[in-house]
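Quick note: the coordinates plus some simple rules give every number you see, no bench work behind them. Predicted model, so just to flag it, every value in this text is computed and none were measured. Cβ placement follows ideal geometry from the backbone for every residue including glycine, while neighbour counts extend to all protein chains displayed.
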Amino acid sequence: MNLPSESHVMNQTNGQTNDGTAERRASEASRQRPRCIVTPHAPAPIGDAYCQAVEHGGSIFVSGQGGLTPNGRLLTGTLEQARQAIANVQAILEATGSDLRHVVRTTLYFADLRRDAPIVAGPYGEAFFFPDGYRPARMVFEVARPPLPGSVIWIDAVAVTRNVIGANDGTNRVPRGELR
């Protein structure tokens, strides 16, 4: 019995043959090593035990960013820390060729959720709420002990590289039922 080669498998949903191109690309992407992102425009990782971000398979995973300046000074005040955390996320994404517009999920970690969330809402909204209505998914937590004494807000993010979106109009909005 002659079986079709792996590169010419019949697509069971529409009866068309597949030349294996998509499978080869997926296989090549999965073999690529994740890339550690480092930029001097954001604070170095605390203890140097992790990357500022990791890029892999069209996704960018930004490590938690707080109110530290690129030279490592912790700002005081919730509003200042929130703005700096967002600026750090932006700087790291720009080092990959991406930006805040390509963020698909954020996680916010608060030392005191009730006190600080209303203050952070302003700069967060300015950074992540776009005129076309796009907003990334978001999770919010209150933590028992922040990574640094005196820190009140930390933000991590997941973004996609610009070439993953592929939108001609430069937005992240995808019409209902359509994937890009």
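Points to keep in mind about this one:
- Available extension along the chain between N163 and V104 is 19.8 nm, counting 0.36 nm per residue and deducting the alpha carbon span.
- Remark: S151, S59 ranked as S59, S151, counting other beta-carbon atoms within 10 Å and listing the fewest first.
- Net lengthening on full extension, A144/R31 (0.36 nm per residue, minus Cα-Cα): 36.8 nm
- Cβ-based exposure ranking for R31, R101, in which fewest neighbours within 10 Å come first: R31, R101
- Placing dummy labels 7 Å off each Cα toward the beta-carbon, the span from R115 to A137 is 3.2 nm.
- The overall shape of the range 70-139, judged from the alpha-carbon gyration tensor, is oblate: a/c is not under 1.5, and a/b is no greater than b/c.
- Neighbour-count order for L148, L100, fewest beta carbons within 10 angstrom listed first: L148, L100
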